[in-house]
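Presented below is the structure to which this report refers.
The values are calculated or read from the model by the stated rules, or taken from the named source; none is laboratory data. Just so it is clear, the model here is predicted, and its values are computed rather than measured. Neighbour counts are summed over all protein chains in view; Cβ atoms, including those assigned to glycine, are modelled from backbone coordinates with ideal geometry.
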Amino acid sequence: MFGHLYILTAPSGAGKTTLVRHLLENDPAMRVSVSHTTRRPRTGEREGIEYYFIALDEFREKIRRDDFLEWAEVHGNCYGTSRTGIEAALCAGQDVLLEIDWQGARQVRKVFPAAIGVFILPPSLHALEQRLRERATDSAQTIARRLDAARDEMRHAEEFDYVIINDDLQRALQDLLAIVRAARLRYTVQSRRHSVLFATML
């Protein structure tokens, strides 16, 4: 496989979705894997863009058929990543980004141990709580549950290759772009992508 698989993980409210949007604007060669989920769409979310929204029965059938590279239940909803879609893109030389939780990251690395893991941290728990409240999409009870979950999720940051602290969006974006650029400049990658040049010069 010639493409890179990037795993981007963060607690809810850490700014992962915004970072990914800016990454795609700055790097059109990057492809984001669209996950399946059983949760309901939020305002502005579109089928096949943010997620594939499916019923729980259909999700369970996909599990039975081993259609998912990874799947997990988060905050009472199920999320899963298509196995065939990821494998086809990587074999075609495309770089693919997965937005998944730490549990999903563990599952993916069993299949793709070379996947590059990036964990996004908020600058503080207080800032995280403010961001969740400013969304105005969740109840106080849901926000409290997300904060408890965030504390647990952030304990797994050490399992990732890179950690970005999102205290400034532009700096965090540049850090993410630097990770992508560095991975593409590895000798093994360059020698495959420029095999003719390397054959004549090295």
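Can you confirm whether Thr137 is assigned to a loop (DSSP other than H, G, I, E, B), of a type in the set (Ser, Thr, Tyr) and at pLDDT below 95? Answer is yes for this residue.
Looking only at residues in the stretch 116-130 that are at pLDDT 85 or above and not in a loop (DSSP other than H, G, I, E, B), the one that is farthest from the chain's Cα centre (by Cα) is Leu121. Checked across the stretch 70-88, the condition of being touching a Ser or Thr at 6+ places or on another chain (Cβ under 8 Å) and closer than 28 Å to His194 by Cα holds for at least one residue. Considered as a group, the residues in the stretch 57-99 that are closer than 19 Å to Asp27 by Cβ and not hydrophobic (A, V, I, L, M, F, W, C) include one that is farthest from the chain's Cα centre (by Cα), and that residue is Gly93.
Tallying residues that are over 26 Å from the mean Cα position of the chain (by Cα) and either within 17 Å of Ala10 (Cβ to Cβ) or in a loop (DSSP other than H, G, I, E, B) (or both) within the stretch 162-202 yields 2.
The residue of the stretch 149-161 that is surrounded by the most Cβ atoms within 10 Å (Cβ to Cβ), among those that are part of a helix (DSSP H, G or I) and over 17 Å from the mean Cα position of the chain (by Cα), is Ala149.
Of Ile63, Ile54, all but one fail to be touching a Ser or Thr at 6+ places or on another chain (Cβ under 7 Å) and among the β-branched types (Val, Ile, Thr); the exception is Ile54. Listed by position, the helices (runs of 4 or more DSSP H) inside the stretch 1-113 whose residues that are in contact (Cβ under 8 Å) with a residue 40 or more places away in the chain and surrounded by 17 or more Cβ atoms within 10 Å (Cβ to Cβ) number at least 3 are 16-26, 83-91, 102-111. For the stretch 138-181, a residue qualifies if it is among the acidic types (Asp, Glu), under 28 Å from Arg40 (Cα atoms) and free of Cβ contacts under 8 Å to residues at least 12 places away in the same chain, and the qualifying residues are Asp138, Asp148, Asp152. Residues of the stretch 132-148 that are surrounded by 15 or more Cβ atoms within 10 Å (Cβ to Cβ) and of a type in the set (D, E, K, R): Asp138, Arg145, Arg146.
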